[in-house]
Amino acid sequence: MIETKAYAAQDENTPLAPWTFERREVGPHDVQFDILYCGVCHSDLHQIKNDWFPGIFPMVPGHEIVGRIVKVGEHVKGFKVGDLAATGCLVDSCRVCENCKRDLEQYCLNGNSQTYNGLEQDHKTPTYGGYSNTIVVNEDFVLHLKEGVDLAAVAPLLCAGITTYSPLRHWKVGKGHKLAVLGLGGLGHMAVKFGVAFGADVTVLSTSPKKEEDAKKLGAHHFVVTTDPKQVEAAKNSFDFILDTVSAEHDFNMYLSLLRTDGVHICVGVPPKPAQIAAFSLLGGRKSLAGSGIGGIKETQEMLDFCAENNIVSDIEMIDIKDIHTAYDRMEKGDVRYRFVIDMATL
Ligand code: NAP
Ligand code: ZN
Ligand code: ZN
């Protein structure tokens, strides 16, 4: 077994603290890589707090993981020792269901293996994430990174990147479309970058007037402060798509009123409590409410390659792992600019 250093929550009421555990030995199809950087996703915070469902504890969060390979199994074909490697939100899936066969492992019908707070495909062994010094992953769930990239700024692409790239590609958002990105945090700032790269006219809908300058720097064409009723009124019936990245309770009916006829409100944010949606908010203007979860492995690689070709990375604030709780506090206040990334050398 491989002795692994980590930061873990022992239960939903206890702060993260140093913890050691054992990862499996590198199997014939496994890759082991030492973790250099790990992004901090709002999902980490939701899960250590049991916001969505009772979690599996001890919990080692982290699913935006990048590093360098230290060992490969004897049958591994795609990777060698010394290569850069990355892992996102998934470490395995059943491989045989209709969704897995369509490269949609994120929707595996038999239950995929999430990188942490999940179970391996034996449906017994808990998974532990990237707030740790090393990880062992089946090679089919390891992503390739090009040498020379800004590794720390690439880490958030593994979740914030793919979670926004995938729906924008699925709904073919691009030239001629008006896209609103709701919430300018980790996911939101990546959605702005992708929306702009795909040729859409991008508006940020934000509760934080102070983020306007940043939004414009990220490439957004317009900025609407959603706490200002006048600005909201002026934005009614204007968007083809809203990509909703909000992590907390919010009024869907108000945001649906900003869509044009046939507009689509796509949920990627996962507030802990269910929302109340009036049928009238949808039927007036034949609107759709949709959702999207991360992305499959093939599409994640496509996204990473697209980012490398187009010089897209995340805007990050590097932190020491000891400061993880300060980062969480700021995240709860919407004060993320625009992704915290842990320098794993500080573990
Ligand atoms: P984040 O960095 O904390 O950003 C969330 C943003 O939402 C905040 O910066 C804030 O932006 C806005 N916001 C917060 N509270 C709000 C409120 N009450 N009303 C309106 N806006 C509010 O979080 P993240 O890491 O981007 O994650 C966002 C959500 O996506 C989380 O729920 C996370 O669990 C979920 N997620 C889902 C998937 C998926 O597969 N679908 C994947 C990853 C994450 P402003 O300051 O601009 O208002
Ligand atoms: Zn995430
Ligand atoms: Zn499956």
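The values are calculated or read from the model by the stated rules, or taken from the named source; none is laboratory data. Bear in mind the structure is a predicted one, so any value in this text is a computation, not a measurement. Accessible surface is based on the protein model in full, side chains and every heavy atom, while ligands, DNA and RNA are left aside. Shrake-Rupley method; radii C 1.70, N 1.55, O 1.52, S 1.80 Å.
Converting phi to 3J(HN,Hα) with the Karplus coefficients 6.51, -1.76 and 1.60 and the offset θ = phi - 60°, the stretch 302-311 yields 4, 4, 4, 5, 4, 5, 5, 5, 10, 6 Hz in sequence order, with x at every glycine or proline. Annotation: the antiparallel percentage among DSSP beta bridges lying fully within the chain is about 55. Just want to confirm a number: the relative contact order over the chain, from Cα pairs under 8 angstrom separated by 6+ residues, in percent. Dividing the mean separation by the residue count of the chain yields 18 percent.
Within the P(r) computed for the stretch 33-119, what percentage of the Cα pairs occupies the region above 22 Å? Mind showing how you got there, number by number?
On the way: 1484 of 3741 pairs.
Value for the stretch 33-119: 40 percent of Cα pairs lie more than 22 Å apart.
A 1.4 Å probe, protein heavy atoms only, puts the accessible area of ILE294 near 30 Å². The alpha-carbon of LYS77 sits under 15 angstrom from the alpha-carbons of these aspartates and glutamates, leaving out residues fewer than 8 places away in its chain: ASP30, GLU139, ASP140. Between THR115 and LEU90, VAL91, the built amide H atoms are under 5 Å apart, and every one of these is 5 or more places off in sequence or on another chain. Expressed as a whole percent, the accessible area of the chain that falls on carbon and sulfur atoms is 51 (1.4 Å probe). Enclosing the Cα atoms of the stretch 67-178 in their convex hull gives a volume equal to 149 cubic angstrom per residue. Here the Debye sum runs over all C-alpha atoms of the stretch 204-278 as equal scatterers in vacuum, and log10 of I(q)/I(0) at q = 0.16, 0.28 Å⁻¹ comes out as -0.60, -1.48. Going down the list LYS49/LYS333; LYS172/LYS217; LYS193/LYS273; LYS210/LYS273; LYS5/LYS322, which pairs span over 18 Å between their C-alpha atoms? Too far apart for the 18 Å limit: LYS172/LYS217; LYS193/LYS273; LYS210/LYS273. Partners of LYS80 within straight-line reach, counting lysines whose Cα lies under 19 Å from its Cα and excluding those fewer than 8 residues away in the same chain: LYS71, LYS146. Each semi-axis of the equivalent ellipsoid for the stretch 1-155 is √(5λ) with λ an eigenvalue of the Cα gyration tensor; in descending order they amount to 23, 19, 15 Å. Here the Karplus relation 6.51 cos²θ - 1.76 cosθ + 1.60, evaluated at θ = phi - 60°, turns the backbone of the stretch 279-285 into coupling constants of 4, 4, 5, 9, 6, x, x Hz, with x for every Gly and Pro. Here the Karplus curve 6.51 cos²θ - 1.76 cosθ + 1.60, taken at θ = phi - 60°, turns the phi angles of the stretch 70-81 into couplings of 10, 7, 10, x, 5, 9, 5, 9, x, 9, 9, 4 Hz, with x standing for Gly and Pro.
For the chain, the solvent-accessible area works out to 43 Å² per residue, with a probe of 1.4 Å and every protein chain left in place. Kirkwood radius for the chain, taken over all pairs of different Cα atoms as the inverse mean of 1/r, rounds to 20.5 Å.
Proximity of backbone amide H atoms, modeled 1.01 Å from N, is registered between GLU120 and THR125, THR127 at under 5 Å, excluding neighbours fewer than 5 places apart on the same chain.
Only DSSP H runs of four or more residues enter the estimate; each adds -39500 (n - 2.57), and after division by the residues of the chain the mean residue ellipticity at 222 nm equals -6000 deg cm²/dmol. The 1.4 Å probe gives accessible areas that order LEU282, LEU36, largest first, as LEU36, LEU282.
When the P(r) of the stretch 213-347 is calculated, the portion above 21 Å amounts to 58% of the C-alpha pairs.
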